[in-house]
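The values are calculated or read from the model by the stated rules, or taken from the named source; none is laboratory data. Being a predicted model, the structure only gives us computed values, none of them experimental. Using ideal geometry, Cβ is built from the backbone for each residue, glycine included, and neighbour counts are taken over all protein chains shown. SASA here: full protein model, heavy atoms, side chains in, ligands and nucleic acids out. Shrake-Rupley method; radii C 1.70, N 1.55, O 1.52, S 1.80 Å.
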Amino acid sequence: MNRENLWKNYTEKEKIRIFKFAEEYKAYLNSAKTEREFVTVTEEELKKNGFTDIMKKKNLKKGDRVYFNNRGKNIIAIIIGKDIRSGINMIVSHIDSPRLDLKPNPVKEEEEFALLNTHYYGGIKKYQWAATPLALHGVIFLKDGKKVSLSIGEKEDEPVFSVPDILPHLAYNVQDERKAREVIKGEELKLLFGNIPIKDENVKNQVRQHIMEKLKKDYGIDDDDFFTAELEAVPSGKLRDVGIDRSMIGGYGQDDRICAYTSLKALYDIKDPVKTVMVYLTDKEEIGSEGSTSLKTTLPELIVGKLLSLTEKNYNDQILRETLWNSKALSSDVTAAMNPVFKSVHDSENVARLSYGLAFAKYTGSRGKVLANDADAEFLQEIRQIFDKNKIKYQSGGFGKVDEGGGGTVAKFLAYYGIRTVDAGPALLSMHSLFEISSKADLYETYRAYKVFFELN
Ligand code: MN
Ligand code: MN
């Protein structure tokens, strides 16, 4: 494929548009650092763009804009086209990101420190999470059923939390010989949470006692309310421009909220679609799509069935199966970009490059394509036709060299329904780190490409 760095050919006017688009993207992600927050922000945004709750609809007609919020962690938006039965054009991405979840009994005291015990979520390099400021986000239900939403550690005047690392001076025996995966071990991912004891010799854990009293006073939280909570520690701070030329964006959670954001922006631009179009933002992808807010549920059937039951007189389950079978999907997820420091893991002819546009991964499994959704040539050529016609910049790129490693996406769960599916998304550097890097050019081209995909007939 004859591709090149997109920045070479942009006009000044285009650059201004791209940089402005990036500003809006950064602001959106700064306000949505967990799947729950992303759904909350997105539901508001959908309403502003004329979408209404599908469960409140009595009927549906062409041009209607509807959404479904699944338990606050997974959201789906749809614009009804000329019909539904001929298949839906869907862009599916995930809004959960790797992080540290608090354990159900998180608070312990060691050496007069209150510590929060965590269990990491998704594929992380554990050492990256030590000695860096972290914020706590999530919800906690009190005994009376009241829901408390928390975000501590994002504003300048709020405290942050941190996993203590060992100083290099004393790391010789305890850490220096460990393998990279164990530089910090899972059980060592404990957050510093407090250090002030109460003055009461009858209490055993005086620091713990002090912070529990503070949590009760400030938030109404009791010790055992952590059982009815979902609290996530994520990197504190905002997305930033990277590079003296400001060509890149660095920050947490771009896998895969960059795809969620661009697909939503594309959807808002669609006026009167021929095909019914859908943005499906799922949860739990990073732990293998398990759970009732993940894609590995019957929610696709529930939603498409709902659409059909509101539009078809003689709705039956065969119509549902045919509609899904006729549908087309981009499993829209980020891929690995050529890393200038670690070139050896990539096959240079088959790697995506930063600033080369939307990257198609024909398959994501790398060890004998095991567990991969191996997209068919027929579907790819359909996409190529319409992308070339609309001058969309794209590239093909796999994950790494054969047998080098590999990862999975939601593609195979879509393919299960017979939905023609291919993985496509922007490439990132430092994926799954606390500071993932994307290209502003790719961000913008991904949005343009998604708009065109919705028009696929
Ligand atoms: Mn992903
Ligand atoms: Mn991921």
Just checking, does the range 352-373 include any residue being open to solvent by 70 Å² or more (accessible area, probe 1.4 Å), within 16 Å of ligand 1 (Cβ to nearest atom) and aromatic (Phe, Trp, Tyr)?
yes
Is one or more of the residues making up the range 152-160 out of contact with any Lys or Arg (no Cβ under 9 Å at 6 or more places or on another chain) and open to solvent by less than 40 Å² (accessible area, probe 1.4 Å)?
yes
Checking the structure you have, find out if any residue of the range 241-255 is part of a strand (DSSP E or B), among the hydrophobic types (A, V, I, L, M, F, W, C), modelled with pLDDT of 95 or more and within 16 Å of ligand 1 (Cβ to nearest atom).
no
Any residue that is open to solvent by less than 80 Å² (accessible area, probe 1.4 Å), touching a strand residue (DSSP E or B) at 6+ places or on another chain (Cβ under 6 Å), of a type in the set (A, V, I, L, M) and within 16 Å of ligand 2 (Cβ to nearest atom) - is there at least one of those in the range 301-312?
no
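Does residue 170 satisfy the criteria of being away from ligand 2 (no atom under 16 Å from the Cβ), in a helix (DSSP H, G or I) and either among the β-branched types (Val, Ile, Thr) or farther than 30 Å from residue 292 by Cα (or both)?
Working: away from ligand 2 (no atom under 16 Å from the Cβ): yes; in a helix (DSSP H, G or I): yes; either among the β-branched types (Val, Ile, Thr) or farther than 30 Å from residue 292 by Cα (or both): yes.
Yes; evaluated as a whole, the condition is true for this residue.
Residue by residue, here is whether (1) under 24 Å from the mean Cα position of the chain (by Cα); (2) more than 16 Å from ligand 1 (Cβ to nearest atom); (3) under 25 Å from residue 267 (Cα atoms) holds:
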residue: 381; (1), (2), (3): no, yes, yes
residue: 395; (1), (2), (3): yes, yes, yes
residue: 405; (1), (2), (3): yes, no, no
residue: 408; (1), (2), (3): yes, no, no
residue: 419; (1), (2), (3): yes, yes, yes
residue: 424; (1), (2), (3): yes, no, yes
residue: 432; (1), (2), (3): yes, no, no
residue: 437; (1), (2), (3): yes, no, yes
residue: 447; (1), (2), (3): yes, yes, yes
Quickly run through the range 50-64 and pick out the residues that are open to solvent by less than 50 Å² (accessible area, probe 1.4 Å) and either farther than 26 Å from residue 139 by Cα or under 23 Å from the mean Cα position of the chain (by Cα) (or both).
50, 51, 53, 60, 63, 64
Pairs where the first residue, in the range 41-63, is among the small types (Gly, Ala, Ser) and the second is at pLDDT 95 or above, C-beta under 8 Å, 6+ apart:
50/65; 63/79; 63/80
Are any residues in the range 183-219 free of Cβ contacts under 8 Å to residues at least 40 places away in the same chain and surrounded by 13 or more Cβ atoms within 10 Å (Cβ to Cβ), and if so, which ones?
198, 203, 209, 214, 215, 216
Residue check, residue 67 against (1) assigned to a strand (DSSP E or B); (2) in contact (Cβ under 8 Å) with a residue 40 or more places away in the chain; (3) open to solvent by less than 30 Å² (accessible area, probe 1.4 Å); (4) out of contact with any Cys (no Cβ under 6 Å at 6 or more places or on another chain), all met but one. Which one?
(2)
For the range 270-289, enumerate the residues that are open to solvent by 20 Å² or more (accessible area, probe 1.4 Å), in a loop (DSSP other than H, G, I, E, B), within 16 Å of ligand 2 (Cβ to nearest atom) and not basic (Lys, Arg).
288
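From the set of residues in the range 394-451 that are of a type in the set (Val, Ile, Thr) and part of a loop (DSSP other than H, G, I, E, B), which is surrounded by the most Cβ atoms within 10 Å (Cβ to Cβ)?
Here the answer is 409.
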Test set (1) farther than 22 Å from residue 94 by Cα; (2) within 20 Å of the chain's Cα centre (by Cα) - residue 231 fails condition number:
(1)
Based on what the data block shows, is residue 88 more than 16 Å from ligand 1 (Cβ to nearest atom) and either open to solvent by 10 Å² or more (accessible area, probe 1.4 Å) or in contact with a strand residue (DSSP E or B) (Cβ under 7 Å, 6 or more places away or on another chain) (or both)?
yes
Candidates 115, 142, 100 - the one that is modelled with pLDDT of 95 or more and under 24 Å from the mean Cα position of the chain (by Cα):
100
Could you grab the pairs with beta carbons closer than 8 Å, sequence gap of 6+ or different chains, first residue in the range 285-310 and without any contact (Cβ under 8 Å) to a residue 24 or more places away in the chain, second one open to solvent by less than 40 Å² (accessible area, probe 1.4 Å) and within 14 Å of ligand 2 (Cβ to nearest atom)?
290/284; 291/283; 291/284
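From the list 71, 99, which residue is touching an Asp or Glu at 6+ places or on another chain (Cβ under 9 Å), of a type in the set (Lys, Arg) and within 16 Å of ligand 2 (Cβ to nearest atom)? If you could, list the steps in order and put the result at the bottom.
Working: 71 fails: within 16 Å of ligand 2 (Cβ to nearest atom).
When all the criteria are applied, what remains is 99.
Is it the case that residue 34 is farther than 28 Å from residue 328 by Cβ, within 24 Å of the chain's Cα centre (by Cα) and open to solvent by less than 40 Å² (accessible area, probe 1.4 Å)?
Numbers: farther than 28 Å from residue 328 by Cβ: yes; within 24 Å of the chain's Cα centre (by Cα): yes; open to solvent by less than 40 Å² (accessible area, probe 1.4 Å): yes.
Against the criterion (farther than 28 Å from residue 328 by Cβ, within 24 Å of the chain's Cα centre (by Cα) and open to solvent by less than 40 Å² (accessible area, probe 1.4 Å)), residue 34 qualifies.
Taking the condition over 22 Å from the mean Cα position of the chain (by Cα), basic (Lys, Arg) and within 15 Å of residue 402 (Cα to Cα), does residue 369 pass? It would help to see each step written out before you state the result.
Working: over 22 Å from the mean Cα position of the chain (by Cα): yes; basic (Lys, Arg): yes; within 15 Å of residue 402 (Cα to Cα): yes.
When the stated conditions are applied, residue 369 passes them.
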Enumeration of residues in the range 327-351 that are open to solvent by 10 Å² or more (accessible area, probe 1.4 Å) and in contact with a Ser or Thr (Cβ under 6 Å, 6 or more places away or on another chain):
333
